[in-house]
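The values are calculated or read from the model by the stated rules, or taken from the named source; none is laboratory data. Predicted, not measured: the structure shown is a model, and the values here were computed from it. With ideal geometry, Cβ positions are generated from the backbone for all residues, glycine too; neighbour counts draw on all protein chains shown.
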Amino acid sequence: MSGAPAPGEWPYPAIDPEKNQILAFFGRKGSGKSAAAREHFRHWPGTDRLIIDVNGDADPGDDLDVITLHGPLVQLPPRRDPKVPDLFRWIADPKAPSFHEDIDKAIGAALFPRDRKVLIWIDEAGEAFPANRTGPNARLLLHQSRHFKTSALLCGPRPKGLDPLAYAQADRVVMFDVPSPLDRQRLAETIGIPAAKLSTVMDETKRRGDHWSTMYHANEHRLYRIPPFELT
């Protein structure tokens, strides 16, 4: 079909961690999006990593050496060992009047200085990239990510209420169980796949079983069918 290449099967193209990129994950609660983002985050090599933990639930695992950061985050600490990347977790305070501003500042801490490679994981992307209310650092990440060394893993239950650039600018859009026809329409229009085609592929993927996903690969303009991620 025009503009909608047939979906490929596993394995999909490997991620090159040397290139900064944005991965967006969508799906209803329990469909597997957060688990998939967590696995990407856990195994992403060669870069400092930052969890911008909006709701306190983004846990990378007890086996990792995590540095918890407290208070407003405007700059990441220097590495303890200059040759070894660090893993940071900053937990937002939802009661703070500056809640959304604090999240945006944390994104800025990952963007600057420009020469520091950082991967961020935001499990509730709607709080960081709300439609029509995206903060300056979040907007900078979405508009000009290729001019920085910051990669991002962004999760949300649905695209509604989310700045469309969060998935329009994504290098990969991973779609788990997205039941709403309107959400599928939004995704299809944004990534440039005919809505009927995308919906058909997503339904076929869902019939494979729990935690299967459909991935859109932007560089190839191609859909892939992804089996459940092996959790570690």
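May I ask you to list the residues in the stretch 193-232 that are exposed (fewer than 14 other Cβ atoms within 10 Å of the Cβ) and in contact with a His (Cβ under 9 Å, 6 or more places away or on another chain)?
If the condition is that a residue be exposed (fewer than 14 other Cβ atoms within 10 Å of the Cβ) and in contact with a His (Cβ under 9 Å, 6 or more places away or on another chain), then Thr232 is the only one that fits.
Exactly one condition in (1) of a type outside the set (Phe, Trp, Tyr); (2) surrounded by 15 or more Cβ atoms within 10 Å (Cβ to Cβ); (3) out of contact with any Pro (no Cβ under 8 Å at 6 or more places or on another chain); (4) more than 20 Å from Arg42 (Cα to Cα) is false for Asp102; which is it?
That leaves (3) as the condition not met.
In the stretch 146-180, what count of residues is obtained for those that are of a type in the set (Gly, Ala, Ser), crowded, with 20+ Cβ neighbours inside 10 Å and not in a strand (DSSP E or B)?
The number of residues fulfilling the criteria is 2.
Where residues in the stretch 1-43 are at pLDDT below 95 and of a type in the set (Phe, Trp, Tyr), which of them is nearest to Tyr167 (Cα to Cα)?
The selected residue is Tyr12.
If you check every pair at least six apart or on different chains, which have Cβ atoms under 7 Å apart with a residue in the stretch 208-229 that is within 19 Å of His40 (Cβ to Cβ) first and a residue that is among the polar types (S, T, N, Q) and assigned to a loop (DSSP other than H, G, I, E, B) second?
From residues that are within 19 Å of His40 (Cβ to Cβ), the pairs are His211/Ser31.
Name, by its number, the condition in (1) modelled with pLDDT under 95; (2) crowded, with 18+ Cβ neighbours inside 10 Å; (3) within 22 Å of Pro45 (Cβ to Cβ) that does not hold for Glu124.
That leaves (3) as the condition not met.
If only one of Asp59, Asp65 is among the acidic types (Asp, Glu), farther than 22 Å from Tyr224 by Cβ and modelled with pLDDT of 95 or more, which one is it?
Selected residue: Asp65, the only one of Asp59, Asp65 that is among the acidic types (Asp, Glu), farther than 22 Å from Tyr224 by Cβ and modelled with pLDDT of 95 or more.
So, in the stretch 201-232, how many residues would count as being among the basic types (Lys, Arg) and not in a loop (DSSP other than H, G, I, E, B)?
3
Of the residues Thr134, Thr68, which is more than 14 Å from Ala166 (Cα to Cα) and of a type in the set (Ser, Thr, Tyr)?
Unique residue meeting the criteria: Thr68.
Which pairs have Cβ atoms under 7 Å, sit 6 or more apart or on different chains, and link a residue in the stretch 18-42 that is closer than 29 Å to Arg116 by Cβ to one that is polar (S, T, N, Q) and assigned to a helix (DSSP H, G or I)?
From the stretch 18-42, the pairs are Asn20/Ser145; Ile22/Ser145.
Identify all residues within the stretch 114-140 that are out of contact with any Gly (no Cβ under 7 Å at 6 or more places or on another chain), in contact (Cβ under 8 Å) with a residue 60 or more places away in the chain and assigned to a helix (DSSP H, G or I); write none if there are none.
Correct list: Glu127, Ala128.
Report those strands (runs of 3 or more DSSP E) wholly inside the stretch 1-113 carrying at least 1 residues which are in contact with a Lys or Arg (Cβ under 7 Å, 6 or more places away or on another chain) and closer than 29 Å to Val178 by Cα.
22-26, 48-53
Residue check: is Thr190 within 20 Å of Ser34 (Cβ to Cβ) and either crowded, with 19+ Cβ neighbours inside 10 Å or touching a residue at least 24 places away in the same chain (Cβ under 8 Å) (or both)?
Here the answer is no, as Thr190 does not meet what is asked.
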